[in-house]
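A short reminder: the numbers here are calculations on the coordinates, not readings from a lab. Predicted model, so just to flag it, every value in this text is computed and none were measured. As a convention, Cβ positions derive from the backbone with ideal geometry for all residues, glycine included, and neighbour counts pool all protein chains shown.
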Amino acid sequence: MSESRVPTFGPEELRAVQLSRMRSSLRSAYESVPHYRAAFDAAGVTPDDLRSLDDLARFPFTTKADLRENYPFGMFAVPRERVNRIHASSGTTGRPTVVGYTKADLDTWAELMARSIEAAGGRAGDIVHVAYGYGLFTGGLGAHYGAERLGCTVVPVSGGMTERQVQLITDFRPRIFMGTPSYFLAILDEMAAEGIDPRSTSLEIGIFGAEPWTEQMRVEVESRTNIRAVDIYGLSEVMGPGVSQEASTTQDGLHIWEDHFYPEVVDPFTDEVLPDGEEGELVLTSLTKEAMPVCRYRTRDLTRLLPGTAYPPFRRMAKVTGRSDDMMSVRGVNVFPSQIEEQILRIDALTPHYLCVLTRPGRMDELTIRVERRVDVDHVTAAEAGRLLESRIKHTVGVTVKAEVLHPHDLERSMGKAKRIDDQRHLRDQ
Ligand code: DLL
């Protein structure tokens, strides 16, 4: 077997590499980005105060708001002429968040994506179908250059035109699919409509990310196909896809490429750094980025740090349970869409196509789960499934919800990240 792209480090050696890279990254941020100089000064720290990795806790956090305030290029640590590429995420309101990459950053990203695809079971010579969106979103181009770097044949389909996706999968016979899990379900439905058995396709590996998906969703995808489904994580502010990747050999959470990103998990309310194993908000510090170093970036993603299995000493992060922004507070109970998804997929008559609708008809919040039934399910069974879902959510999550079981295809399909929450409460407040 050829040598792995995942470098090997002893635990001490990795920490030494992290510390020296962190020092130079913080120095570059402090010296070249006015925002960081002001934030470090306000916190009373300079990069020289970083003597051990634990000292990072003394440094200030960086948030999406900081990036927005420095729109468009204020967070860059290099002259604009050295920035080779820009990506941006639109966000729901206001200015987009802009990120930049030097030539070396793009090279690192391609290498980390090649590493991720390899960890997912990919190898040179594979055909890779990329259904992540191309453009300002980092998914498409990130996957693309990584697959090319690994020596794969890339099919840059991007998202949308689902019939054509099916045709290209059938005709080109890719081994690997890369896209959001929710969009892959739409492709599976299209296959079903065309009478194509997904088990008869060439696909063996699915590298799914850009949105939360549950273990139950993995079971759903793997049972309908011959695919091994693995998770990929990343965010544009920190690089894009390829910050962490689940190994196909273990399928037990995502190894963080710690030679390039230093993870912490903090209590989202007290900001205190939590010990490994405890759930909180993931905070990432870039160690090698030139164009836009990030110091303690608050991802808003909730997870836990776990010891490495397939690639120690790199630690793993557990599957993201949700974003703190996606937490629905319903009559005092905190609920994440992933908790709802888990219960939906435990009921045979229901599909993973669902939407959580929040309303406030009187003084109290109401949560309605709109979920499609499976094609072969009759009305009586569908109604029973709805009642079962209501009672299971009541018992496991602790909140009373209304389930509305819909016909197949009643809900809009997304081509990228699925929309799981429709908050209509503000409509009445205005
Ligand atoms: O979604 C980058 C990406 C592209 C990752 C393709 C994986 C595959 P953004 O658009 O900046 O970047 O959105 C980042 O998406 O903070 C998470 O909330 C969510 N997210 C990304 N991957 C996962 C995942 C890309 N595997 C935001 N599980 C992140 C759960 C994920 N959430």
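Quick notes
- Estimated FRET transfer efficiency when R0 is 30 angstrom, pair Asp54-Ser90 (beta carbons, to 0.05): 0.25
- Cross-link partners of Lys289 among lysines, defined as those whose alpha carbon lies under 16 angstrom from its own and excluding same-chain residues fewer than eight positions apart: Lys103.
- Within segment 1-88, all pairs of alpha-carbon atoms sorted by distance into 5 Å bins from zero give the percentages 2, 12, 18, 18, 16, 14, 12, 5, 2, 1, 0.
- Built from the Cα atoms of the chain, the convex hull projects on average onto 21.5 nm², one quarter of its surface area.
- FRET efficiency estimate (nearest 0.05) - Cβ-Cβ, Asn70 to Ala104, R0 25 angstrom: 0.70
- When both segment 131-205 and segment 10-65 are represented by their alpha-carbon centers, they are found 39 Å apart.
- Across segment 120-172, the mean sequence separation of Cα contacts (distance under 8 Å, 6 or more residues apart), normalised by length, yields a relative contact order of 40 percent.
- Span-like helix ranges in the chain, DSSP H, alpha carbon extent 30 angstrom or more, Kyte mean at least -1.0: 11-32
- Hull volume per residue, based on the alpha-carbon atoms of segment 293-357 and their convex hull, is 167 Å³.
- For segment 329-349 and segment 272-305, distance of Cα centres in Å: 26 Å
- Evaluated over segment 200-249, the Cα radius of gyration and Dmax, each in Å: 11.9, 39
- The chain, relative contact order [Cα under 8 Å, separation at least 6], %: 13 percent
- Sorted by Cβ density within 10 Å, fewest first, the residues Tyr354, Tyr134, Tyr183: Tyr134, Tyr354, Tyr183
- Listed residue (Ile369, His379, His395) projecting farthest to the positive dipole end of segment 322-430, Cβ model: His395
- Relative to the current alpha-carbon distance between Thr309 and Asp252, full extension at 0.36 nm per residue lengthens the span by 19.7 nm.
- Its relative contact order, with pairs defined as Cα atoms under 8 Å and 6+ residues apart, puts segment 36-159 at 19 percent.
- For segment 269-416, the direction-averaged projected area of the alpha-carbon convex hull comes to 12.9 nm².
- Where a label projected 7 Å from the Cα of Ser4 along Cα→Cβ would reach, residues of segment 107-147 with amide N under 14 Å: 115-122
- Here the spin labels are modelled as points 7 Å beyond Cα on the Cα-Cβ line, and at Thr368 and Arg331 they lie 1.6 nm apart.
- Evaluated over the Cα positions of segment 100-155, the convex hull gives a direction-averaged projected area, one quarter of its surface, of 3.6 nm².
- Shape of segment 1-152, Cα gyration tensor, a/c cut at 1.5: oblate
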